[in-house]
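Here the structure is laid out as structure tokens; the discussion comes afterwards.
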Amino acid sequence: MRIAMIGGGYVGLVSAACFAEFGMHVSVVETNPQRLAALREGRIPIYEPGLDALVISNTQAGRLVFGDDIATAVTGAQAVFIAVGTPPRNGDGAADLQYVHAAARQIAQALTGYAVIVTKSTVPVGSSRRIAQIIRNVRPDLDFDVASNPEFLREGSAIDDFMRPDRVIIGLDQTQPERAGRAENVMRQVYRPLVQAAAPLVFTGLETAELTKYAANSFLAMKISFINEMADLCEKLGADVEDLARGMGLDARIGRRFLSPGPGYGGSCFPKDTLALSRIAQENQSGCRLVETTVQVNEARKAAMAGRIIAACGGSVVGRTIAVLGLTFKPETDDMRESASIPILHRLAEAGATLRAYDPVGMDAARALLPPDVIYCADAMEAAQDADVLVVLTEWNIFRALSPEVLAQRMRTKAIVDLRNIFDPAAMRAAGFLYQSVGRP
Ligand code: NAD
Ligand code: UDX
């Protein structure tokens, strides 16, 4: 089985390395020269646990190759995956499809025989048919099919998510059963190793597959906004959101996961996919109020968390030093896209705070996005030096075992705002801290 992967970012690189690990030959096309150079030299341009070893071993085995020549990559490939970015378009929140459409045109020009063109990027409903149209316009005689195969991996656990998915969604053009059958055979071969690992393949129409991705991400985002609002209510009522989430989540119909309160969801998917789904619904005169409200609740959450930190400094941060632990949108990634740290730190800087920040791997990416005068520190304790309040924004494991006593010695004022509930309130209070977390008494 030969596969071509257009785009060597988070999704393309992880998918390519995993397919290669399953014994397939995978050719990755990457147009960003720095990314390509790094990949060719065996340097992994993103931080994802386990990815470097997987890429290096499969590259050495000759199953995983990187290049910028699409013609070489697609030659002999039965499946050509599009895994390029679909960022929000400036202004209206709809997905920007310029990279997807450009990839489709390039694939059309390069293909020499039958292949299934598989969209792995998250794209609005109708995009797979549009891709088919673009290819037909460029090469009216080309024999090909399209498939929609949205990806559900999470950064930080991407390899495991890819290799042991809850399900694989594959949308085909079911209005043409013969063609759909042919494409289904190819997709079954592509995913055969995962089926052996008991992952169900769910075959649907193109539109359903495209919409399923947005619906799943928006539902999870809604779950997070729900628990964030419950955390606020718990604070008002003296209840404990961690126990509440456990009590709710043990109901199998609800489930325990994605019920952790925090500073507001971020990342490259939830913020853009909720906006895009709202947009799709609007364009089709269909109601999507729950998702629209989720977006608003999440925006308000980030602003409220900045306000909470200012309140912890007595109402003004002028002349105050704030230690910030964690900058990335979640742990185990260097990705800063839409991280809650961005609006929160900008708000604190505008209000006059001195910010001392530490993140285990996100600081390089953070520099371009955070206020220019943030002081980047070598570790958590250095960030805490002479601080008036310590704020936890990302729940990196390395922060969990910080000694309250040592922190107390380092800081000027003993105050903590733990927006990820990683510390034990009793231990922090015993060390003399004024300790606030989210939704816990
Ligand atoms: P990314 O920006 O990390 O990677 C995209 C890569 O494609 C870039 O390296 C870019 O240089 C390259 N590229 C763009 N046009 C190209 C072309 N014509 N030929 C070759 N390379 C090209 O993006 P990502 O995070 O991997 O996301 C890709 C898609 O997958 C998006 O639609 C996203 O919504 C979706 N998705 C992302 C995640 C995630 O966790 N990041 C999870 C599921 C789905
Ligand atoms: C998400 C989807 O989970 C994944 O299926 C899809 O393929 C891509 O988008 P990702 O963005 O990598 O994955 O991270 P995820 O673990 O979903 O977290 C997203 C955001 O929600 C983070 O900011 C995280 O901190 C926040 N979150 C998550 C919470 O605040 N509480 C939770 O309980 C879970």
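The values are calculated or read from the model by the stated rules, or taken from the named source; none is laboratory data. All values derive from a computational prediction rather than experimental measurement. Heads up, the Cβs are rebuilt from the backbone with ideal geometry, glycines too, and the neighbour counts pull from every protein chain shown.
Within region 35-52, the residues that satisfy the criterion of being near ligand 1 (Cβ under 9 Å from one of its atoms) and farther than 18 Å from Glu332 by Cα are Arg35, Leu36.
Residue pairs whose Cβ atoms lie under 8 Å apart, sitting 6 or more positions apart in sequence or on different chains, and linking a residue in region 188-212 that is without any contact (Cβ under 8 Å) to a residue 12 or more places away in the chain to a partner that is part of a strand (DSSP E or B), are Val195/Leu201.
Summed over region 93-117, residues that are at pLDDT 95 or above and within 16 Å of ligand 2 (Cβ to nearest atom) total 0. For region 236-336, the helices (runs of 4 or more DSSP H) that sit wholly inside it and include 2 or more residues that are in the same structural domain as Arg410 (by TED's automatic domain parsing) and among the small types (Gly, Ala, Ser) are 289-312.
Apart from one condition, Ala79 fits all of (1) surrounded by 19 or more Cβ atoms within 10 Å (Cβ to Cβ); (2) under 20 Å from Gly156 (Cα atoms); the exception is (2).
Pairs meeting the criteria (first residue in region 264-275 and over 12 Å from Ser339 (Cα atoms), second residue near ligand 2 (Cβ under 6 Å from one of its atoms), beta carbons under 8 Å, at least 6 apart or on different chains) are Asp273/Asn217; Thr274/Asn217. Residues in region 118-160 that are aliphatic (A, V, I, L, M) and within 13 Å of ligand 1 (Cβ to nearest atom) were compared, and the one that is nearest to Ser286 (Cα to Cα) is Val123.
The one condition from (1) surrounded by fewer than 17 Cβ atoms within 10 Å (Cβ to Cβ); (2) closer than 20 Å to Arg40 by Cβ that Asn137 does not meet is (2). Of the residues making up region 99-117, those that are polar (S, T, N, Q) and more than 9 Å from ligand 1 (Cβ to nearest atom) number 2. With respect to Asp359, is the statement that it is under 25 Å from Ile227 (Cβ atoms), in the same structural domain as Gly319 (by TED's automatic domain parsing) and of a type in the set (Asp, Glu) true? In short, yes. Filter region 59-85 down to the residues that are touching a residue at least 40 places away in the same chain (Cβ under 8 Å), within 15 Å of Glu21 (Cα to Cα) and not in a strand (DSSP E or B) and list them by number. Listed by number, the residues that qualify are Ala61, Arg63.
Scanning region 161-190 for residues that are away from ligand 1 (no atom under 16 Å from the Cβ) and either within 18 Å of Ile3 (Cβ to Cβ) or not assigned by TED's automatic domain parsing to the domain that holds Gln78 (or both) turns up Leu172, Arg182, Ala183, Glu184, Asn185, Val186, Met187, Arg188, Gln189, Val190. Selection over region 38-65 of residues that are over 21 Å from Pro165 (Cα atoms) and within 16 Å of ligand 2 (Cβ to nearest atom) gives a count of 1. Among residues belonging to region 235-261 that are in contact (Cβ under 8 Å) with a residue 12 or more places away in the chain and on the phi > 0 side of the Ramachandran plot, point out the one that is farthest from the chain's Cα centre (by Cα). Filtering first and then ranking leaves Gly238. For the residues Asp166, Asp145, Asp160, the requirement of being buried (at least 20 other Cβ atoms within 10 Å of the Cβ) and out of contact with any Leu (no Cβ under 7 Å at 6 or more places or on another chain) singles out Asp145. Among the residues of region 99-120, is any touching a Pro at 6+ places or on another chain (Cβ under 6 Å) and closer than 30 Å to Leu277 by Cα? No, region 99-120 has no match at all. As a summary of the residue check, Val291 satisfies the conditions (1) surrounded by 21 or more Cβ atoms within 10 Å (Cβ to Cβ); (2) free of Cβ contacts under 8 Å to residues at least 12 places away in the same chain except for the one numbered (2). So for region 150-169 (the condition being in contact with an Asp or Glu (Cβ under 6 Å, 6 or more places away or on another chain) and away from ligand 2 (no atom under 11 Å from the Cβ)), does at least one residue qualify? No - not one qualifying residue is present in region 150-169.
Examine region 380-391 for a residue that is closer than 26 Å to Ala303 by Cβ, part of a loop (DSSP other than H, G, I, E, B) and more than 16 Å from ligand 2 (Cβ to nearest atom), and state whether such a residue exists. Yes. Of the residues making up region 1-37, those that are assigned to a loop (DSSP other than H, G, I, E, B) and within 16 Å of ligand 2 (Cβ to nearest atom) are Gly7, Gly9. Residue-level check: of (1) aliphatic (A, V, I, L, M); (2) out of contact with any strand residue (DSSP E or B) (no Cβ under 8 Å at 6 or more places or on another chain); (3) under 30 Å from Thr394 (Cβ atoms), Ile169 misses just (2).
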